[in-house]
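Structure record follows, encoded as structure tokens.
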Amino acid sequence: MNINANKENVSLPAITIDTIMVAGNWMNELYSDHLKPYGLSVQQLQVLRFLKKRGGKPANLLEIQDQMLSKNSNTTRLVEKLRLKNHITRVQNPNNRRMVEIRITKAGEVLLAQIETTMKDFEKKIRKNVTKRDMVTLIKILNKLGLP
């Protein structure tokens, strides 16, 4: 999507919104394609990263949901898919039967390490024509727009 914002009768706010939406979809597609060989979605990767950061401390579904980039994610379904792949464990808390403790497994940690290794190459492709200064400026502008 190449946009000429210098034309007259062009609504810059509308073009800005459209460009951000196209960029978000494009980045999500690239990210998803990068994760396909590992059998993970972007949301599943987020769950594994969050659990890994906890250093073995269990999380519950609400804590995981709070960390998701997309608040519309079905956390229960994501967790179950990861459990079936043996990337996480889901155990009922013996002191509170309504509470579920979720942890990353060794297999999940190994997979995450593999993905993180290839992620550096992925990031290089994305930023090959963009300077660090450009990236900082983009982040600042998105924050000004109210990025959550």
Problem - Choice from T76, T131, T19 with maximal GNM fluctuation in the chain (Cα, 10 Å cutoff) - result: T131
Problem - Cross-link table K53/K106; K81/K106; K53/K128; K52/K106; K81/K120; K36/K120, entries beyond 19 Å C-alpha to C-alpha - result: K53/K128; K81/K120
Exercise for the section: Would you calculate, for the chain, the mean residue ellipticity at 222 nm contributed by helices, counting each DSSP H stretch of 4 or more residues as -39,500 (n - 2.57) and dividing by all residues, to the nearest 500? Expected result: -19000 deg cm²/dmol
Completion exercise
Taking only the Cα positions of the chain, the convex hull volume per residue in Å³ is 144
Practice task
Specify the residue with the greatest mean-square fluctuation among Q67, Q92, Q43, computed from a Gaussian network of the chain linking alpha-carbon atoms under 10 Å apart.
Solution key: Q92
Fill in the blank from the handout: A correct fewest-to-most ranking of I139, I64 by other Cβ atoms within 10 Å would be I139, I64
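Coordinate-derived values only; no laboratory data. All of these numbers come straight from a predicted model, not from anything done at the bench. No Cβ is skipped: glycine too gets one built from the backbone with ideal geometry, and neighbour counts run over all protein chains shown.
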